[in-house]
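Below is one structure, written out as structure tokens, with a few remarks after it.
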Amino acid sequence: MIAAGATLVGGFAATLPGRLSHRRLSHIIAFGAGYILAAALVSLLPESLKLVATAPLWVLAGYAIAHLCEHTFTSHFHFGEETNTEHVVAPSVSMTALVGLSLHAFFDGVAISSGFLVTPTLGVLIALAVVLHKVPEGVTISSLMLAAGRTRRNARQAAMLLAAATLAGAGFMSILGGELKGIGLALSCGIALYVAATDLMPEINQHPEGRYSLSALTGVLLYFGVHAVMRRLGLQ
């Protein structure tokens, strides 16, 4: 519940009153792209390879599913309300990102529950590690919703969905066990790669200014900074 609450804190913080400019949203999108890309390549991919030998196939499947969803389903789907006329990224991008981050959040819950199934102490340590990246995760999904022209209410709903996915993952693990964890992580990796590399990075490349690339690099550095703190605290 604390991990889910951290997602809400980040998500609601990104929707505080005050209009976000096109330039500021572009910086946030670049930052989110860097963070998601680092999470996919440094955490999700290696962990899935440890858990299941067919992980590369599931990563490819996740990428293909994200592509199918964006170009087949989400183009006809409205998340709560109609989108605004002005947006930084395509509205379908926000839905693809929501699917990928929801899977990621789901397996955050699976990881926390797995720890508690071993010992309560291990469960608490894993939960604390997850909380460290939940706030930027909430900021990322809410900012993507706003950048896609959706309302602040939509952005808050997206953050709430990620929080619920974390709780659902914990419940799922406690009931069914962890046999499917490796496959789920690999699928989540493929979806995250699609969102970061195929949808968001091209948006950054449209801006010739180097400051947007620096924002993406900042997202990557934050990811490694979080992991450095986790190692320092003995949480990895």
- Task: Tell me, yes or no, whether the range 44-58 has at least one residue that is under 18 Å from the mean Cα position of the chain (by Cα) and at pLDDT below 80.
- Result: yes
- Query: Any residue at all in the range 165-186 that is under 24 Å from LEU117 (Cβ atoms), without any contact (Cβ under 8 Å) to a residue 24 or more places away in the chain and buried (at least 16 other Cβ atoms within 10 Å of the Cβ)?
  - Reply: yes
- Can you give me the number of residues within the range 151-164 that are farther than 26 Å from LEU117 by Cβ and open to solvent by less than 10 Å² (accessible area, probe 1.4 Å)? 4
- Number of the condition not met by LYS181 [criteria: (1) closer than 16 Å to SER102 by Cα; (2) at pLDDT 75 or above]: (2)
- Across the range 202-225, what is the number of residues that are surrounded by fewer than 18 Cβ atoms within 10 Å (Cβ to Cβ) and either closer than 14 Å to THR140 by Cα or in contact with a Leu (Cβ under 6 Å, 6 or more places away or on another chain) (or both)? 2
- Query: Among the residues of the range 193-217, how many are among the acidic types (Asp, Glu) and closer than 20 Å to LEU45 by Cα?
  - Reply: 1
- Per the filter on the range 112-135, residues modelled with pLDDT of 75 or more, closer than 21 Å to VAL229 by Cα and open to solvent by less than 30 Å² (accessible area, probe 1.4 Å) are ILE112, ALA127, LYS134
- Message: Within the range 1-16, take every residue that is of a type outside the set (A, V, I, L, M) and at pLDDT 85 or above and give me the one that is farthest from SER102 (Cα to Cα).
- Response: PHE12
- Flag for GLU81 being at pLDDT below 80, surrounded by fewer than 22 Cβ atoms within 10 Å (Cβ to Cβ) and touching a Lys or Arg at 6+ places or on another chain (Cβ under 9 Å): yes
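The values are calculated or read from the model by the stated rules, or taken from the named source; none is laboratory data. Quantities reported herein were computed from a predicted structural model and do not represent experimental measurements. Neighbour counts are summed over all protein chains in view; Cβ atoms, including those assigned to glycine, are modelled from backbone coordinates with ideal geometry. Side chains included, ligands, DNA and RNA excluded: accessible areas come from the protein's heavy atoms. Shrake-Rupley method; radii C 1.70, N 1.55, O 1.52, S 1.80 Å.
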